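Trainee: Attaching a single structure in structure tokens format; questions to follow.
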Amino acid sequence: MYKNLILRKGKDESLKRFHPWVFSGAVHHIEGEPEEGEVVRVLDSEERFVAVGHWQIGSIAVRVLSFEDISIDACFWEQALSAAYTMRCAIGVAENPQNDTFRLVHGEGDHLPGLIIDVYGKTAVMQAHSVGMHVEREHIADALLKVTNGVIQNIYYKSETTLPFKAGLGQENGFIRGGAPDNQATENGLKFYIDWLKGQKTGFFVDQRDNRSLLEQYSKNRSVLNMFCYTGGFSVYAMRGGAKLVHSVDSSAKAVELVNQNIELNFPGDKRHQAFAEDAFKYLDDMGDRYDLIILDPPAFAKHRDALRHALKGYTRLNAKAFEKIQPGGILFTFSCSQVVTKDNFRMAVFTAAAQSGRRVRILHQLHQPADHPINIYHPEGEYLKGLVLYVE
Ligand code: SAH
């Protein structure tokens, strides 16, 4: 039987609205001494059942797995992963011959706080952000192989940098099921090498799939700059869309190597593409006015709320440079993936940049994360990616 955690009076309100976290300040006491990662039952101050979830030391004390009084066993994992997989089939990203790159589990968005699973072909890359999910990794792996109709054969567990350091788990990255020498995946019919061993996040930014498709539609005969290109997702789509030239820029030499490989994989010998390892601000200062389609997809400028003001200034400075240089009639795809930066914050930062540049700017599209990164309506914090497509006169 699970240990009980009793909440302070009135601290069950947000849980009753299905918000999936219990903050440490809401805890009155715990019966017994659970180990980090153990499942606990959460009770209100009158000791009525509220939820069941993973206990952890830190500001989020419990990550809720269910609002029903159930056991978190093999059956639970099979049901949860099966529901996630069925949804990915329903929205057309899984079991689709044109696409085998998708997010299967998006933490709170799939009622599984602390767990991320991205799928690349036959390999799933699994990332635990909580001790509880780390403890459960073997059960999750078993369920994953069982519910995905043989699609997933290999599981790479990549939690070295995402688990709380203080928990001292000493986790190393590696395959926990199968092992795949082949690291190619397909997104909307385009091929990509995925570096799950050393790459950022799970090896690829799956969340830009729909936005890359939109970019493709705007690429014909344009001169494209893909700033912060990483593995070159946007560049490959721009090439297929018929761009006149595509320049990819990233400060990381490794990223430049990856984008070149991915272009070669899809468009061997095509001379329209070139990649440069350079700092964004320096490149934008020196580049002249040759581009009429620019993508700005920087890393999160603010990881915490304290850094918000500084981050907004960063977005303004970056976008101002693009507005100054883009050709008349140019199109700017600009993004923020900082969770603490709201849609309005971001829009204001970009608005300020537009005003500084004195250009006339119109919003063509407002972009967000795709359907395989669902937002639990009771956990609005899960909305992180926002973008604007702007027409610059
Ligand atoms: N657009 C990419 C994801 C971008 S991730 C995609 O669709 O996959 C952010 C990238 O910005 C990283 O590859 C990182 O190396 C790069 N980066 C970080 N700081 C930078 C800087 N100052 N100048 C140029 N690139 C930078």
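Trainee: Find the centroid of the Cα atoms in the stretch 338-363 and in the stretch 132-159, then give the distance between the two in whole Å.
Mentor: Measuring centre to centre over Cα atoms gives 41 Å.
Trainee: Mind checking which of Phe333, Phe23, Phe175 has the largest fluctuation in a GNM of the chain, springs on alpha carbons under 10 Å?
Mentor: Phe23
Trainee: Pick out which of Ser14, Ser248, Ser66 has the largest mean-square fluctuation in a Gaussian network model of the chain, springs linking Cα atoms closer than 10 Å.
Mentor: Result for the chain, Cα springs under 10 Å: Ser14 fluctuates most.
Trainee: To continue, here is another question. Charges only on Cβ, +1 for Lys and Arg, -1 for Asp and Glu: so what's the dipole of the stretch 3-66 about the Cα centre, in debye to the nearest 20?
Mentor: 300
Trainee: Here is a follow-up. Between the stretch 110-124 and the stretch 193-244, what's the alpha-carbon centroid distance in Å?
Mentor: Measuring centre to centre over Cα atoms gives 21 Å.
Trainee: With only Lys, Arg, Asp and Glu charged, each at its Cβ (+1 for the first two, -1 for the last two), find how big the charge dipole of the stretch 207-392 is about the Cα centre; round to the nearest 20 debye.
Mentor: 540
Trainee: Once you charge only the Cβ atoms, +1 for Lys and Arg and -1 for Asp and Glu, what is the size of the charge dipole of the chain about its Cα centre, to the nearest 20 debye?
Mentor: The calculated dipole for the chain is roughly 1540 debye.
Trainee: What net charge do the residues around Ser45 carry, taking every other residue with its C-beta under 10 Å from that of Ser45, with Lys and Arg at +1 and Asp and Glu at -1?
Mentor: Spelling it out: positives minus negatives among the neighbours equals 0.
Trainee: Cα axis of helix 343-357 to longest principal axis of the chain: angle in degrees, 0 to 90, nearest 10?
Mentor: With rounding to tens, the tilt is 20 degrees.
Trainee: Also, I was wondering about something else. Using the Karplus curve 6.51 cos²θ - 1.76 cosθ + 1.60 with θ = phi - 60°, what ³J(HN,Hα) values do you get for each residue of the stretch 123-134, in whole Hz, with x for Gly and Pro?
Mentor: 10, 9, 9, 10, 10, 9, 10, 9, 5, x, 5, 5
Trainee: Then there's this: What residues have an amide H closer than 5 Å to that of Ser248, excluding those fewer than 5 places away on the same chain, when H is modeled at 1.01 Å from N in the peptide plane?
Mentor: For Ser248, whose amide H was placed from the backbone, the distant partners under 5 Å are Asn226, Gln274, Ala275, Phe276.
Trainee: Same structure, new question: Quick one: pull the percentage of alpha-carbon pairs in the chain with a separation above 33 Å.
Mentor: So the pairs more than 33 Å apart make up 36 percent of the total in the chain.
Trainee: Once the Cα atoms of helix 137-147 and of the chain are each reduced to a long axis, what angle between those two axes, in degrees from 0 to 90 to the nearest 10, is obtained?
Mentor: For helix 137-147, the angle is close to 70 degrees.
Trainee: Here's something else I'd like to know. Rank the residues Ile30, Ile363 as a footprinting-exposure proxy: fewest other Cβ atoms within 10 Å of their Cβ go first.
Mentor: Ascending number of Cβ neighbours within 10 Å: Ile363, Ile30.
Trainee: Using 1/(1 + (r/R0)^6) with R0 = 41 angstrom and r between the beta carbons of Phe18 and Ser252, what's the FRET efficiency to the nearest 0.05?
Mentor: It comes to 0.55.
Trainee: How large is ³J(HN,Hα), in whole Hz, for each residue of the stretch 269-276 in order, when computed from phi with the Karplus curve 6.51 cos²θ - 1.76 cosθ + 1.60 and θ = phi - 60°, using x for Gly and Pro?
Mentor: With the stated coefficients, the stretch 269-276 comes to x, 6, 8, 6, 9, 9, 10, 9 Hz.
Trainee: Restricting to Cα pairs below 8 Å that are 6+ residues apart, what does the relative contact order work out to for the chain? Please round to a whole percent.
Mentor: 11
Trainee: Another question, then. What number, in percent, do you get for the relative contact order of the stretch 74-188 if the mean sequence gap of Cα pairs under 8 Å and at least 6 apart is divided by its residue count?
Mentor: 26
Trainee: Would you pull out the residues with amide H under 5 Å of Leu364's amide H, same chain only if 5 or more places away, H placed 1.01 Å from N?
Mentor: It is Val389, Leu390, Tyr391, by chain and number.
Trainee: Charges on Cβ only, +1 for Lys and Arg, -1 for Asp and Glu, centred on the Cα centroid of the chain; of Asn154, Ser14, Cys75, which one is farthest towards the dipole's positive end?
Mentor: Ser14
Trainee: Shifting gears a bit: Assuming R0 = 51 Å, what is the FRET efficiency of Phe165 and Leu245, from their Cβ-Cβ distance, to the nearest 0.05?
Mentor: After rounding, the FRET efficiency stands at 0.70.
Trainee: Using only Cα atoms, figure out Rg for the stretch 74-188 and give it as a multiple of 2.2 N^0.38 Å.
Mentor: Here the Cα radius of gyration is 1.01 times the empirical estimate.
Trainee: Determine ³J(HN,Hα), in whole Hz, for all residues of the stretch 73-84 in sequence, where each value follows from phi through the Karplus function 6.51 cos²θ - 1.76 cosθ + 1.60 and θ = phi - 60°; x replaces Gly and Pro.
Mentor: Per residue, the Karplus-derived 3J(HN,Hα) values read 10, 3, 5, 4, 5, 4, 5, 5, 6, 5, 4, 5 Hz.
Trainee: Which of the GluC sites (Glu not before Pro) across the stretch 1-77 are loop residues per DSSP, with 15 or fewer other Cβ within 10 Å?
Mentor: In loop regions of the stretch 1-77 (DSSP not H, G, I, E or B), the sparsely surrounded GluC sites (Glu not before Pro) are Glu31, Glu35, Glu46, Glu47, Glu68.
Trainee: So for the chain: antiparallel DSSP bridges make up what percent, rounded to the nearest 5?
Mentor: Given both bridge residues lie in the chain, the antiparallel proportion sits at roughly 65 percent.
Trainee: Please determine, in degrees from 0 to 90 and to the nearest 10, the orientation of helix 253-266 with respect to the longest principal axis defined by the Cα atoms of the chain, where the helix direction is its Cα long axis.
Mentor: Orientation of helix 253-266: about 80 degrees from the principal axis.
Trainee: Let me ask something else. What percent does the relative contact order of the stretch 5-114 come to when contacts are Cα pairs within less than 8 Å and at least six residues apart?
Mentor: Value for the stretch 5-114: 22 percent.
Trainee: Here's something else I'd like to know. When the chain is modelled as a GNM with alpha-carbon springs shorter than 10 Å, which of Val341, Val119, Val361 fluctuates the most?
Mentor: Result: Val361 has the largest fluctuation of those listed.
Any read-out appearing in this document is the output of simple, stated calculations on the displayed coordinates, not a laboratory observation. All values derive from a computational prediction rather than experimental measurement. We place every Cβ from the backbone using ideal geometry, glycine too, and count neighbours over all the protein chains shown.
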